[in-house]
Structure formats: C-alpha cells, structure tokens
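The block underneath contains the structure these notes are about, expressed in structure tokens.
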Amino acid sequence: MAFIALGINHKTASVDVRERVAFTPERLVEALQLLCQTTVSREAAILSTCNRSELYLEQDALSVDEVLAWLAGYHQLNIEDLRACAYVYQEADAVRHMMRVACGLDSMVLGEPQILGQMKSAFAVAREAGTMGPLLGRLFQATFNTAKQVRTDTAIGENPVSVAFAAVSLAKQIFSDLHRSQALLIGAGETIGLVARHLHDQGIKRIVVANRTLERASTLAEQFGAHAVLLSDIPAELAKSDIVISSTASQLPILGKGAVESALKQRKHKPIFMVDIAVPRDIEPEVGELDDVYLYTVDDLHEVIAENLKSRQGAAQAAEDLVSNGADDFMARLRELAAVDVLKAYRQQAERLRDEELGKALRALNNGVAAEDVMAQLARGLTNKLLHAPSVQMKKLSADGRIDALTVAQELFALNEGASSNKGL
C-alpha cells in the first residue's frame, strides 16, 4: 500500500492554470470513478477549491506518472505544463501534507477554517463515488482528528482571517466609510456568507445578494438584512454598487466588460471596487482594464492577507508540531496494521500445533500413562514443534549470509533481554 497526494495550488500555479485544473462539483463522482478505473489507484478522493486541486490516492505500488497523465488528459492539458507546476507527496509526506492542508497551514490565509469543511466534503463525495476505501478512510479520519486538535490546542484559528476577511479589509482601505457604501455579492456559498458577515459587522449601508436561485440568495440575505435578487438582476444592481465581490461555481464569466461599462456610465464614472474570488473567474479579466474599476483576484489579496496573519504566526509552529505528531502516529498505526495478518496466521499455526499435542496427551492419559510423563511429553512436543519452523529458517538464513535477519530474530524473540537477565543471575 502507498499513499500519494498530487496537485497544484496558489503557490505553484497561476489562477489561469488553477481554473483549468478545477473539478466541477457535478462531475466529481464521475471523475473519481474514472480515475480508479484508468489508473492503478485503488482508493481516491479529490479536493478542488479556488486555491488548489489535489488528488489523494492509495495505490498498491506508486505510479505518479500515470496519475499525472490522467490529470492532464482529463483536463486536456499539456502534461509537461502540468508537471511544471504540480507537486507530489508520497507515503508519510503525503499524510503530513493532507494534515497541513486540513489545518490551514498550507492555505493562502494561514489557519483559515473553510478548508477543513472542504476536506470533509471531498471525503463525503469519495464515499458517494465508492472510491473511499478503508485505508484512505483511516487517513481522512486521522486528518480530521489532527485538525480538531490544532483548532483546540493552538491559537491559529483566532482573529478571523480569510480570503473573505481580506476582501473586506481591502474594501475598507478604498472606501474609508462603509456606512455610505452598497455591496453587491454574487453567489450564496460559504465564502460569500463570510463576506456578508464581515461587511455587516463593518456597518455597510446596504447588501444585495445575487444568485442563480432566489431561494438560496434569500436564505443568506435574511441573516444580514440584505436584499436578494437573481443573477439576471445584476445589471440593474451593478450601477448602484460601490463594492462587488463574486464567488460562484459558474464555469463561464458572470460579469463582462460591456455590462460594467454600462454601469459606469450610469454611475457617472464613480469608482467600483471588485474582488473576484472564484476559480474559474466570474469577472472577465478585461473588466480590470476599465477606468474607475479596481479589480482584484484571489492572487491579488496576498498583501492584505499578510498583514492580518501576524497574530497567527506564533501558533503556526505549535500546529506544525501537532501535525508532525499526528502523521507519525498514523504511520505507526498503519505499520501495526500490516503486522495483523502475520500475527493472525502465526497464532492459528500455534493453536493448531497446541491442539495436536493436546490430543496426543489426552490419548496417552486414556491409555494409562502417568500424568507427570504426559505433561513432560506435552511440554517437549509443543516446544519442539513451535521452534521447528523458526529454527529451520534461521539456519537457512545463516547459510545464505543473512546476518541481518538473525539480528531481527534476536530482537523479535527478545533474546538480548534474556541474555542480559541471565548475566544478572
């Protein structure tokens, strides 16, 4: 068995590449099943967010190139272009990477909590697809346990810092008084929910939530006294909006250059601040070329995020230590599992030999042999049979020059401890 974590993220790939490698929620089950059918991966899960796309795999033997080729083929990318920005972690390093991701230690925003929910979603989708097996399942559970411990035992989750928080912080820098500003939020997912909460806490004048379905928009809007509209209503709201923040799962841009140009004319070129958090992007890049538009993507939020991370830096090392311990514990338990089948077979063999010798002893007793003699013969016979196979194998190993195996045998049977005990007598 072998674990692999393979993917790209905000550190290794631009938003252009990340949006091409992103998996749509609707096709995740199909992708997982195809991945296991066309590669040697026995178990698989896919994590796909605006900042990363990662494959978590369990294989009988490592086959990284095959998986990389599958990923490139699935997204119709040049494999060498993908290889240039992809990273691969194997075995213990893969375990450690998964735990770091779940704890927010590998996020654009250090310690951000949303990634843990996204990891849990990846786990649930893999179970639905039938690609989550016992080994990868154990790894995910260990990952969740470590993430919970990090949240409980460190301060890495304190002082809310996220992409949503960074977007609102940047809006505050551009509009010094949010009490006079109106925000148009596109989407109704978790990220937009966080944006709405931060804007509401900052006392913004009005919030409008636009979404594909009015029901979801209304559910979110009600929490913050906001107004809900459909995506088709965006042009009318755009002209009244000082701040536009978008985060949807749309595969095509929602806001184009023409619509924004029209809104600017109605606003008499009063500036609009825009943040496109989505991958693939919701706002056409050409919008950023317009005068009076300040367009930022997730990649542009680094500086704002850096300022908000200082309070979490001290907790990061403690979190890293917990992750390291969690990974070591998981690998140790995994190695213990590998011994279970051997121990089971060894016990069955010993019990079979015991039953054979016990049968002989009972027959001897029935034939009138003295109990003392029967017990002595039982002890000798059982000892000889238990030692026969190991003795034959050790002689063979010694003849083959396998001195290392003899050293292991001494440790296995605790012979060194016995020798030390004898010397003390």
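Return the residues of segment 123-144 that are surrounded by 22 or more Cβ atoms within 10 Å (Cβ to Cβ) and β-branched (Val, Ile, Thr); say none if nothing qualifies.
Within segment 123-144, Thr131, Thr143 qualify.
Tell me which residues, restricted to segment 201-216, are within 21 Å of Leu178 (Cβ to Cβ) and outside any helix (DSSP H, G or I). It would help to see each step written out before you state the result.
So in segment 201-216, the residues within 21 Å of Leu178 (Cβ to Cβ) come out as 201-210.
Gln202, Gly203, Ile204, Lys205, Arg206, Ile207, Val208, Val209, Ala210 - these are the residues of segment 201-216 that are within 21 Å of Leu178 (Cβ to Cβ) and outside any helix (DSSP H, G or I).
Given the structure, is Thr12 out of contact with any helix residue (DSSP H, G or I) (no Cβ under 7 Å at 6 or more places or on another chain), closer than 21 Å to Thr297 by Cβ and of a type in the set (Ser, Thr, Tyr)? It would help to see each step written out before you state the result.
Values: out of contact with any helix residue (DSSP H, G or I) (no Cβ under 7 Å at 6 or more places or on another chain): no; closer than 21 Å to Thr297 by Cβ: yes; of a type in the set (Ser, Thr, Tyr): yes.
No, not satisfied.
Take the conditions over 18 Å from the mean Cα position of the chain (by Cα), farther than 23 Å from Ser107 by Cβ and modelled with pLDDT of 95 or more and apply them to Ala69. Does it pass?
Yes: the conditions hold for Ala69.
Of all the helices (runs of 4 or more DSSP H) wholly in segment 1-91, which have at least 2 residues that are of a type in the set (D, E, K, R) and either touching a residue at least 24 places away in the same chain (Cβ under 8 Å) or in the same structural domain as Phe140 (by TED's automatic domain parsing) (or both)?
Correct list: 15-21, 64-74, 79-85.
Pairs only if they're at least six apart or on different chains, beta carbon under 6 angstrom, first in segment 101-128 and at negative phi, second among the basic types (Lys, Arg) and at pLDDT below 95; list them, first residue then second.
Qualifying pairs under 6 Å: Leu110/Arg312.
Conditions tested, residue by residue: (1) crowded, with 17+ Cβ neighbours inside 10 Å; (2) of a type outside the set (D, E, K, R); (3) in contact (Cβ under 8 Å) with a residue 40 or more places away in the chain; (4) not assigned by TED's automatic domain parsing to the domain that holds Ile272.
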position	(1), (2), (3), (4)
Ala217	yes, yes, no, no
Gln223	no, yes, no, no
Leu230	no, yes, no, no
Ile234	yes, yes, yes, no
Glu237	yes, no, yes, no
Lys240	no, no, yes, no
Ile245	yes, yes, yes, no
Leu252	no, yes, no, no
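Which of the residues belonging to segment 177-191 are surrounded by fewer than 24 Cβ atoms within 10 Å (Cβ to Cβ) and hydrophobic (A, V, I, L, M, F, W, C)?
Leu178
When you check Ala319 against the structure, is it surrounded by 13 or more Cβ atoms within 10 Å (Cβ to Cβ), under 24 Å from the mean Cα position of the chain (by Cα), modelled with pLDDT under 90 and not assigned by TED's automatic domain parsing to the domain that holds Thr152, yes or no? First the steps, then the outcome.
Values: surrounded by 13 or more Cβ atoms within 10 Å (Cβ to Cβ): yes; under 24 Å from the mean Cα position of the chain (by Cα): yes; modelled with pLDDT under 90: no; not assigned by TED's automatic domain parsing to the domain that holds Thr152: yes.
Answer is no for this residue.
Conditions (1) buried (at least 20 other Cβ atoms within 10 Å of the Cβ); (2) closer than 23 Å to Val67 by Cα; (3) at pLDDT below 95, marked per residue:
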residue: Asp93; (1), (2), (3): no, yes, no
residue: Met98; (1), (2), (3): yes, yes, no
residue: Ser107; (1), (2), (3): yes, no, yes
residue: Glu112; (1), (2), (3): yes, no, yes
residue: Ser121; (1), (2), (3): no, yes, no
residue: Ala147; (1), (2), (3): yes, no, no
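Being of a type in the set (Val, Ile, Thr), assigned to a helix (DSSP H, G or I) and either farther than 15 Å from Val323 by Cα or outside the structural domain of Ser121 (by TED's automatic domain parsing) (or both) is the filter here, so list the residues in segment 132-174 that pass it. Give the derivation first.
Quick first cut of segment 132-174, residues of a type in the set (Val, Ile, Thr) only: 143, 146, 150, 152, 154, 156, 161, 163, 168, 174.
Now drop any that are not assigned to a helix (DSSP H, G or I), which leaves 143, 146, 150, 152, 163, 168, 174.
Listed by number, the residues that qualify are Val163, Val168, Ile174.
Provide a single number: the residues in segment 64-106 that are of a type in the set (Phe, Trp, Tyr) and more than 20 Å from Lys11 (Cβ to Cβ).
The total comes to 2.
The values are calculated or read from the model by the stated rules, or taken from the named source; none is laboratory data. Owing to the predicted nature of the structure, the values given are computational and were not obtained by experimental measurement. All Cβ positions, glycine included, derive from the backbone under ideal geometry; neighbour counts span all protein chains shown.
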